[in-house]
1. Can you confirm whether the stretch 120-133 contains a residue that is in the same structural domain as Q163 (by TED's automatic domain parsing) and in contact with a Pro (Cβ under 8 Å, 6 or more places away or on another chain)?
2. Restricting attention to the stretch 152-168, report how many residues are outside any helix (DSSP H, G or I), of a type outside the set (G, A, S) and modelled with pLDDT under 95.
3. Under 9 Å by Cβ, and 6 or more places apart or on different chains, what pairs join a residue from the stretch 60-78 that is more than 14 Å from W18 (Cβ to Cβ) and part of a loop (DSSP other than H, G, I, E, B) with one that is among the aromatic types (F, W, Y) and within 14 Å of the ligand (Cβ to nearest atom)?
4. Testing Y48 on (1) within 16 Å of the ligand (Cβ to nearest atom); (2) closer than 19 Å to I13 by Cβ; (3) not in a strand (DSSP E or B), one condition comes back false. Which one is that?
5. Could you check, for the stretch 114-130, whether at least one of its residues is under 27 Å from K166 (Cα atoms) and either within 16 Å of the ligand (Cβ to nearest atom) or touching a Gly at 6+ places or on another chain (Cβ under 8 Å) (or both)?
6. E34: within 21 Å of F131 (Cα to Cα), modelled with pLDDT of 95 or more and more than 16 Å from the ligand (Cβ to nearest atom), yes or no?
7. Every residue in the stretch 56-71 that is surrounded by 13 or more Cβ atoms within 10 Å (Cβ to Cβ), more than 9 Å from the ligand (Cβ to nearest atom) and either over 19 Å from K84 (Cα atoms) or within 21 Å of the chain's Cα centre (by Cα) (or both), please.
Amino acid sequence: MPENKVRKYFSLIEAWAWCDICDDMVALNIDKQEIINGLKMSIYTKEYKHSNPHPDVEDPDDLSGQEHTIYIYINEDYDITGVKAFFGESPTTEEIGAKTIEAGGEVRIPIVVKEIPPMAVQFGMLNKDQFKVLKICDGMNTIEQVASIAEMSIKAIEKMMDQLRKKGLVKVIRRT
Ligand SMILES: [Zn+2]
């Protein structure tokens, strides 16, 4: 899988994100201000609907000509920390971590149980990192993906999940 790339300009960035469905890089421009505004809350995700203008017509499995969506996670340095490609509203639970399961591994998907208002941080109920990580626990990411999007170690995320589970804020679904 080629690496995601970003070119940074004065007021916008040009993001090149790998789309699993197109099996190709997708390029788009994003305003820096939009990213800054998004990051004020916690994390920034760009949602981009598109279809592959050049699908492989010989390949019946190539559905990339149909409209689909990518989510691009971008950090405060305007770098891409994760990309999700899916059809419909969100990836299905079967699609998440399917490759890990094929390889005989276990997939853990953390899911937020309770909606947390940003006030929770001001009131000291959660710290900023916990709030940010909770936003990534949208049911679309495995523990490993949450760690890489949040740019934290898997160990640190596991520890945080324990704390958040005790507070009744997340549950971790296991699939093998
Ligand atoms: Zn695509």
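The values are calculated or read from the model by the stated rules, or taken from the named source; none is laboratory data. On a predicted model such as this, the values are computed, not experimentally measured, just so you know. Cβ placement follows ideal geometry from the backbone for every residue including glycine, while neighbour counts extend to all protein chains displayed.
1. Residues of the stretch 120-133 in the same structural domain as Q163 (by TED's automatic domain parsing): 120-133.
If we keep only those that are in contact with a Pro (Cβ under 8 Å, 6 or more places away or on another chain) too, we end up with 131.
Looking for residues that are in the same structural domain as Q163 (by TED's automatic domain parsing) and in contact with a Pro (Cβ under 8 Å, 6 or more places away or on another chain), one finds at least one in the stretch 120-133, hence yes.
2. Pass one, the stretch 152-168, residues outside any helix (DSSP H, G or I): 152-153, 167-168.
Now drop any that are not of a type outside the set (G, A, S), which leaves 152, 167.
Of the ones still in play, those that are also modelled with pLDDT under 95 are 167.
Count: 1.
3. L63/F87; Q66/F87; E67/F87
4. Unmet condition: (3).
5. So the first thing to find is which residues in the stretch 114-130 are under 27 Å from K166 (Cα atoms), and the list is 114-130.
Within this subset, residues satisfying the condition of being either within 16 Å of the ligand (Cβ to nearest atom) or touching a Gly at 6+ places or on another chain (Cβ under 8 Å) (or both) are 114.
Yes, the stretch 114-130 contains a residue that is under 27 Å from K166 (Cα atoms) and either within 16 Å of the ligand (Cβ to nearest atom) or touching a Gly at 6+ places or on another chain (Cβ under 8 Å) (or both).
6. Values: within 21 Å of F131 (Cα to Cα): yes; modelled with pLDDT of 95 or more: yes; more than 16 Å from the ligand (Cβ to nearest atom): yes.
Yes.
7. Across the stretch 56-71, the qualifying residue is only Y71.
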